[in-house]
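Reading through the structure tokens given below for one structure.
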Amino acid sequence: MDYQLLQIVALLTVMAFGGAIRKATGACSSEDLEGLMGFKSGIQMDTSGRLAKWVGRSCCEWEGIVCDNATTRVTQIHLSGLTEKDLFQTEMVGQLSRSITLLTSLEILDLGGLVGLSGTIPQTIGMQMPKLQKLYLYGNHLAGPVPESIGDLPSLQELALHDNMITGSIPSSLGSLKNLKRLLLSSNQISGTIPLSLGNLTNLVELDVHDNAIMGHIPNSIGQMQALERLDLSSNMLSGSIPSSLANLTAISVLYMDTNNLEGTIPFPSRSGEMPSLGFLRLHNNHLNGNIPPSFGYLVSLERVSLSNNKLEGALPSSLGNLHSLSELYLSSNSFSGQIPKSIGQLSRLIMLNISQNSIEWPLPQEMSSLQNLQTLDLSFNPLNLSSIPQWLTSLSSLSRIYLAGCGIKGQIPDSLQTTESPVQELDLSSNLLSGSIPPWIGSLSQLYMLNLSRNSFDSQIPDSLTNLPDLGVLDLHSNKLTGSITRVFGTEQGTSSGRSLTYIDLSDNNFSSGVEAIGVGEQINIQYLNLSHNLLKGTLPSSLGRLNSMHSLDLSFNELASNLPVVLEKLTFLERLKLQSNHFSGSIPNGFLKLRKLKELDLSDNLLEGEIPEGKPLIDFPGSTYSGNKGLCGKPLVPCKL
């Protein structure tokens, strides 16, 4: 059972039985009482009010405490930051009713309300509670270091301190916890190195320290953790090479070391039979070099692999075809060369293949036509020099997301894309050598969500059929030679379906000359990003622009727009970026612009604006270049206005 589900079920079990447990246990030992009071003294704030009820000597009845009924020794401290409401809102609720009967013997008390602990973990916490098995303090606001004294808890099996603000290094004393099965320290501010002593934790099943600032090398001693099933070292500052000793982890199923500064080659596996259970491997966002070793095909349990954004090179080994369980393969942003091996066609379970931004060459193997479960194919920015899109590609029965940007495709968009076996949802043909017209049949792709045809040489108008795409959310046509009106993107006053789902529109760097009056008309009120810069647009901005109150970025620069700045712009209170430079706007800057409190980038330069710049934030925080080229403007940050 998934560990997160296990935790949640355990908590729900206690909601049903926790009261009975508390009544049965009564007072705890004087040593445990002293330890708990020492813990309480280190907490500066408890928004749940739970610790305020820790009074008297009957600490086995305190909320968050579980004792052994026979010995009255404290075995669990559970003060995480979850709430009962959070538990019932989880997506796993459907599984809980089927699984709760498996865990009726667990003794973890229910939380009741939000536990918001602030302060530090007392340095004495490990000195008085020798029977403590589980310490859960995750999801709070605890700061300071992990106490060395936790290493004096000989019975401790689970230590969960993740999602706090803990600093300092991982204490080497944790290596003394021979019974520890789970060590969860992720999402803190922990620094220093991984202590060699952790290799002594031969019963450890899960080690998760992701999202910290841990430096140094990964110690070879980790290879001694024979019981380890899940290792997450991702999103740290680790350096050096990956130790070959990791191949000794016979039980490992999840291995995440991505987003670090690791270098060298991939050292595992060296032979068949090593890491037989490894299903999930993430090494992306590092500095790894060399080839993918042919022995990589021995990892027969792999389901998801990410090696993206490294310095890997050479040909893809044909042994990849041995990974019959593989469903996702990410190899982007490396220096792989040669051709895709024919053996890729043997990966019948593959649903995602991303080999973008490499040096893969033509031809694509016909064997790829066997990938009938493939949903996403990204071959972008490889020197494939495709004369056309292969016919077999459009016959893949599950393919719905096609990314072929920068693949040297020439001519017009092939008509075969309108008759694909699976409805196209995302299509990226940007940065190619396509020309002529955008075909009218594009409007027949009824499930299309993303269309990117930017950086080509299309010289037509936008086809009317674009209004037939009710699910279109992302439209990128920038850097072409498109002409005419932009009205077809935004719909008309009669309210066509176009734009109902649009959140991102980029029509910049074209030759559009009209249609600004359609902005905000129709149903496209969810637009967050709109770029119409570097066109030939004329006219005035309509008042309907104020309906786009979800807008985060608006760029209308380098056009021929005129009239006053519309006051309705003050309604775009989520706006972070506003670029109106190099137009013919006149009049004063509306005082309502002071309502744009989230604005981080503003450019009104090279217009015909005049009068005093409204005084106040955020307008006075921008440099003078924001307002330059307007001879009539004055006031901060420009020269003072004349009285």
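Key figures
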| read-out | value |
| --- | --- |
| Cα extents of region 311-452 along the three principal axes, largest first (Å) | 43, 27, 22 |
| Cα-derived Rg to Rh of region 177-252, Kirkwood definition | 0.93 |
| Folded to 0 to 90 degrees: helix 30-41 orientation relative to the chain principal axis, Cα | 30 degrees |
| Normalised per residue, the volume of the convex hull around the Cα set of region 516-596 (Å³) | 75 Å³ |
| Rounded to the nearest 20 debye, dipole of the chain from Cβ charges on Lys, Arg, Asp, Glu | 520 debye |
| Formal net charge of residues neighbouring Gly539 (Cβ-Cβ distance under 13 Å; K, R +1; D, E -1) | -1 |
| Computed [θ] at 222 nm, deg cm²/dmol, the chain (DSSP H ≥ 4; -39,500 (n - 2.57); rounded to nearest 500) | -2500 deg cm²/dmol |
| GluC sites (Glu not before Pro) restricted to region 604-643 and DSSP loop, no more than 11 other C-beta within 10 Å | Glu615 |
| Lys/Arg +1, Asp/Glu -1 at C-beta; region 258-385 dipole; positive extreme among Ser333, Asn358, Leu377 | Leu377 |
| Rounded D (µm²/s) - region 555-643, Kirkwood Rh over Cα pairs, Stokes-Einstein at 10 °C, 1.306 mPa s | 124 µm²/s |
| Region 483-634: relative contact order in percent, alpha carbon pairs under 8 Å with at least 6 residues between | 16 percent |
| Region 483-634 - Debye-derived log10 I(q)/I(0), Cα point model, q = 0.13, 0.15, 0.22 Å⁻¹ | -0.54, -0.73, -1.53 |
| Semi-axis lengths, Å, region 119-237, gyration tensor of Cα atoms, sqrt of 5 times eigenvalues | 19, 18, 12 |
| Residue-count net charge about Asn354 - beta-carbon cut-off 9 Å; Lys, Arg +1, Asp, Glu -1 | -2 |
| Inter-part distance where region 220-239 and region 302-372 are each reduced to a Cα centre, Å | 26 Å |
| Fraction of antiparallel bridges per DSSP, the chain only, in percent to nearest 5 | 5 percent |
| Residue exposure sequence - Thr47, Thr483 - by fewest surrounding Cβ within 10 Å | Thr47, Thr483 |
| Over 18 Å (Cα to Cα) - which of Lys598/Lys631; Lys595/Lys617; Lys595/Lys642; Lys571/Lys600; Lys571/Lys595; Lys538/Lys579 fall in this group | Lys598/Lys631; Lys595/Lys642 |
| Rounded to 10°, Cα long-axis angle of helix 3-25 versus longest principal axis of the chain | 40 degrees |
| Cα convex hull volume per residue for the chain (Å³) | 187 Å³ |
| Positive-end extreme of charge dipole, the chain - chosen from Leu638, Met450, Pro440 (charges on Cβ) | Leu638 |
| Region 314-356 - convex hull of the alpha-carbon atoms, volume per residue in Å³ | 61 Å³ |
| Over the chain, relative contact order from alpha-carbon pairs under 8 Å, at least 6 apart, % | 4 percent |
| The chain: Cys lacking any partner C-beta under 4.7 angstrom | Cys407 |
| Positive-pole candidate from Met237, Gly406, Val74, dipole of the chain, charges at beta carbon | Val74 |
| Rg/Rh (Cα only; Kirkwood hydrodynamic radius) as it applies to region 179-220 | 0.96 |
| Taking Trp392, Trp54 and counting other C-beta atoms within 10 Å, the order from fewest to most | Trp392, Trp54 |
| Student exercise, region 251-325 dipole from Lys, Arg, Asp, Glu Cβ charges, in Debye to nearest 20 | 60 debye |
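We did not get these values from a lab; they are worked out from the coordinates using the rules stated. Note that the structure is a prediction, hence the values are computed from the model and not measured. Reconstructed Cβ throughout: ideal geometry from the backbone, glycine too, with neighbour counts over all protein chains shown.
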